[in-house]
Amino acid sequence: MDKFQAFGKNITSSITPFAARTQQYFKEQIGTADDKTELPPDYIELEKRVDALKQVHQKLLSVTSQYSNESYDYPPNIRESFTDLSRTITDKVNLLSHATSPAEAQAALTAPPSAKPQPKTFPHALARASLAGSQLLNQTQPASSSAGEDPLAAALERYALASEKVGEARLAQDAQIQQRFLAGWSTTLNTNLMFATRARRSVESARLGLDATKAKGGKRGAMVGMSGEVEDLPESDEHRVEVEKKEDEFVGVTEEAVGVMKNVLDTPEPLRNLADLIAAQLEFHKKAYEILSELAPVVDGLQVEQEASYRKNREGA
C-alpha cells in the first residue's frame with residue numbers, strides 16, 4: 001500500500017508542474033494572466049537572429065537540394081529509349097569508327113549496354129541527340145559522293161563528344177556540392193539549429209513554470225487587520241522558496257540557451273560550406289569553358305571550309 005501511495009505521489013508531482021505551465025500558457029493567450037516574466041532584450045535579439053538563420057538554411061536548401069537529383073535539368077519533353085541510354089557517346093563513336101557499312105553503323109548505335117544506363121542530364125541528352133543527328137546525315141550521304149564526310153555531321157559528332165564531357169563535369173560538380181554543401185547545411189539545420197530550438201523551449205517552459213508559481217502566491221487569501229481593513233495574507237516561506245527555486249531554474253536554462261544560440265550564430269561552417277558550393281560551381285563552369293573553347297575553333301574551321309566549298313560550287317555553276 002505504501003509503495004502504491006509513493007507511486008501516486010510521484011505521478012502527481014510530475015503532472016502538476018505540467019498542468020500549471022499549461023494553465024499559465026492559456027491564461028497568457030487569452031490575456032488573463034496577472035504577470036509575465038519578460039525575457040532579456042539581448043536574448044530576444046538572439047532568438048530573432050537564430051530564426052533568420054534557420055529561414056536562410058531552409059530557403060537555400062529548398063533550391064540547392066536539386067543537386068541531389070541527377071535529372072534536374074533533363075528536358076521533360078524528350079523521350080529516350082533504353083537503347084539511347086545504353087552506351088556512352090565515346091563508346092558509340094569508337095564503335096562507329098570501325099563500321100564499314102550502314103548496317104554496321106546502325107548496329108554500333110544499338111549495341112547492347114556495357115554498363116548502367118547513361119545519365120539523364122541536359123548535356124548528356126544534347127550529346128545523344130547530336131550523335132544521332134550526325135549518324136543520320138552520314139547514313140543518307142551518297143556512297144558515290146566525293147565530297148567526303150558531311151561537315152555538319154562531323155561538327156555534330158564533335159559537339160556530341162564535348163557535350164558528354166560537359167555532362168560528366170556537371171555530375172562531378174553535383175557530387176562535390178552534395179558532399180561539401182548540402183551535407184553541412186543539412187547538419188546545421190537539423191542538428192545545431194534544432195539544439196537551439198530545444199534550448200529555447202526549455203526557457204519558455206521554465207518561464208511558464210516560474211509565472212505559474214508566482215500566480216499561486218497571488219491567491220493566498222486575505223484577513224482583517226488590526227485597523228479593521230482587509231489585508232493580504234503574508235507570503236509563506238514555502239512559497240517564497242519555491243519561487244526562488246523556479247527563478248534559479250529559469251536563469252540557468254536562459255544562460256544555457258544563450259550559449260547554444262551564440263554557438264550556432266558564430267560557427268564558421270555555413271560560410272565555409274557556401275564557399276565550397278561556389279568553388280564546385282566555378283570548377284564546373286571552368287571545365288565547360290575549356291571543353292567548348294577547344295571545340296569552337298574546330299567547328300569554325302569546318303564552317304569556313306563549307307562556306308568556301310559552297311562559294312566555289314556556286315561560281316562553277
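Structure values in brief
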item	result
Accessible area of T37 in the full protein assembly, 1.4 Å probe (Å², nearest 10)	20 Å²
Cross-link pairs K120/K287; K59/K165; K36/K262; K165/K312 - those with Cα-Cα distance over 27 Å	K59/K165; K165/K312
Extension gain, Y74 back to H285 (0.36 nm per residue minus Cα-Cα distance, nm)	74.2 nm
Environment charge of R180, counting only residues whose C-beta is closer than 12 Å and scoring Lys/Arg +1, Asp/Glu -1	-3
Cut-off 15 Å between beta-carbons: net charge of the residues surrounding P151, Lys and Arg +1, Asp and Glu -1	-3
Difference of contour (0.36 nm per residue) and Cα-Cα distance, E305 to E149	54.9 nm
Local electrostatic count at T197 - Lys and Arg +1, Asp and Glu -1, tallied over other residues with Cβ under 11 Å	+1
Diffusion constant of the stretch 230-302 at 37 °C, which comes from Stokes-Einstein with the Kirkwood Cα-pair radius and 0.692 mPa s, µm²/s	174 µm²/s
Where F181, F122 fall by accessible area, highest first, once all protein chains stay in place (1.4 Å)	F122, F181
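The values are calculated or read from the model by the stated rules, or taken from the named source; none is laboratory data. Please read all numbers here as calculations on a predicted model, not as lab measurements. Please note: Cβ atoms are built from the backbone with ideal geometry, for glycine as well, and neighbour counts cover all protein chains shown. Side chains included, ligands, DNA and RNA excluded: accessible areas come from the protein's heavy atoms. Shrake-Rupley method; radii C 1.70, N 1.55, O 1.52, S 1.80 Å.
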